[in-house]
Amino acid sequence: MNQQLNIEGVKGFAVDLGGTKLAAARIENGKITERVQCATASNAPADEQVDAIERLLTEVGWQNPDAVSVAVAGRVTAQGVWSAVNVGTLTSIQDTPIQELLKARLGCPVFVCNDAIAAAFAEARFGSGTGTSHFAYITVSTGVGGGIVIDGMPISSPNGLAGHVGFASSRLSSAICGSGRTATVESIAGGRAISRIANQNGHRVRSARDVFEAAADGANWALEITKTSAKAIAILCADLTTILGLQKVTLGGSIGLSPGYLSSVQEHLSFEPELFRPDIVAANLMHDSALVGAIALSEFSKQSARH
Ligand code: BMX
């Protein structure tokens, strides 16, 4: 559990379904009191994802009729329909009415949102983005996701695509992305891209973690791959700043929070003119941002609907 958490007022049950890991938590009196995690079955169809969510919720003490807030990788429409943007990450969930399925299965109120938007909202409200009016969060993990919060308002769109900054173009890539686009940030900087590039270059790795371990041991081939990822994220931060006038960008995700990554992004950003350089910091809520944010965003949407 993260001792730094200051999430007063946040309480309930939350789920975070990413491309690699699935987590559930119980949050009481501003503290995560229970938390469990397992691997995501990334090729499983929607009903199996629902089974796994229900199993983990039960493990953290959820019982009907407690409400549940769920953050997922992929886009979630205003009607609660879930689809992967990168169809190589979650291969079998396209057009799933996830909100209805979970409601029917659990028999309780269910809120579903994108994982990076949830994390962005949590960081803006309780963590590294507090006091910042023009804020973005970027997760560098299995994929590259994002969330934008301007004057406390999370930016969303009816089709659930808003904030998917990992699918912006990157001049450092020439690869075809699982989104169908070519040369995206995700296709050079994300975890799957990092392991793919290593294997294409003849270095047998199982995951991006192996590449980071080789980089920590000083292997030049690995350092080059991880630095290119950080450079693509730095350029993305500058690009987003031209559009949104960002003051601060928070990095999260297993790669975004790995040792040395933040400083590598900062170093690459230092080559940009000052006007295009937001502050780059690490997520305060670490790997719990999306869990905390799912509950906070659910409350925020209820309040917004009332006004
Ligand atoms: C991808 C996209 C985003 C997600 C981001 C981080 C899919 C399946 N995912 O850009 O919706 O927010 O990855 O997800 O289209 P993670 O799996 O790396 O945590």
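So for the chain, Kirkwood radius off the Cα pairs, Stokes-Einstein at 37 °C and 0.692 mPa s: how many µm² s⁻¹? Show your work: numbers first, answer last.
Numbers: Rh = 19.2 Å.
In µm²/s, the coefficient rounds to 171.
Sort all Cα-Cα distances of region 1-65 into consecutive 10 angstrom bins from zero, then give the percent of pairs in each bin up to the one containing the longest distance.
Taking all Cα pairs of region 1-65, the binned fractions are 22, 48, 25, 5 percent.
State, to one decimal in nm, how far the label point of Gln63 lies from the label point of Gln79, with both points 7 Å from Cα in the Cβ direction.
Once both label points are built, they end up 3.6 nm from each other.
Applying a 10 Å radius around every beta-carbon, put 73-83, 112-122 in order of their mean neighbour count, most first.
112-122, 73-83
What is the gain in length, in nm to one decimal, between Ala41 and Thr182 on full extension, counting 0.36 nm per residue of separation less the C-alpha to C-alpha distance?
Gain on extension, Ala41 to Thr182, equals 48.1 nm.
With r as the distance between the Cβ atoms of Glu8 and Ser263 and R0 = 35 Å, compute the FRET efficiency 1/(1 + (r/R0)^6) and round to 0.05.
Details: r = 31 Å, r/R0 = 0.89.
It comes to 0.65.
Could you work out how much longer the chain between Glu224 and Leu161 gets when fully extended? Use 0.36 nm per residue separation minus the Cα distance between them, nm to one decimal.
Additional length available on full extension: 19.6 nm.
Working from Cα positions, state the angle (0 to 90°, nearest 10) between the long axis of helix 289-306 and the longest principal axis of the chain.
The angle comes out near 60 degrees.
At 222 nm, what helix-only mean residue ellipticity would the chain give, in deg cm²/dmol to the nearest 500, using -39500 (n - 2.57) for each DSSP H run of four or more?
-11500 deg cm²/dmol, from helical runs alone.
Tell me, what is the percent relative contact order of region 134-281, built from C-alpha pairs under 8 Å that lie six or more residues apart?
Relative contact order of region 134-281: 24 percent.
Given a 1.4 Å probe, how much area per residue of the chain is accessible, in Å²?
Heavy-atom SASA per residue in the chain reads 44 Å².
Extension gain Ser301-Glu28, at 0.36 nm per residue separation less the Cα-Cα distance, in nm?
Length difference between fully extended and current span is 96.3 nm.
The values are calculated or read from the model by the stated rules, or taken from the named source; none is laboratory data. A quick note: this is a predicted structure, and the numbers were derived from the prediction, not measured. Note that we place each Cβ from the backbone using ideal geometry, even for glycine, and neighbour counts take in every protein chain shown. Note: accessible area is taken over every heavy atom of the protein model, side chains too, but ligands, DNA and RNA are not part of it. Shrake-Rupley method; radii C 1.70, N 1.55, O 1.52, S 1.80 Å.
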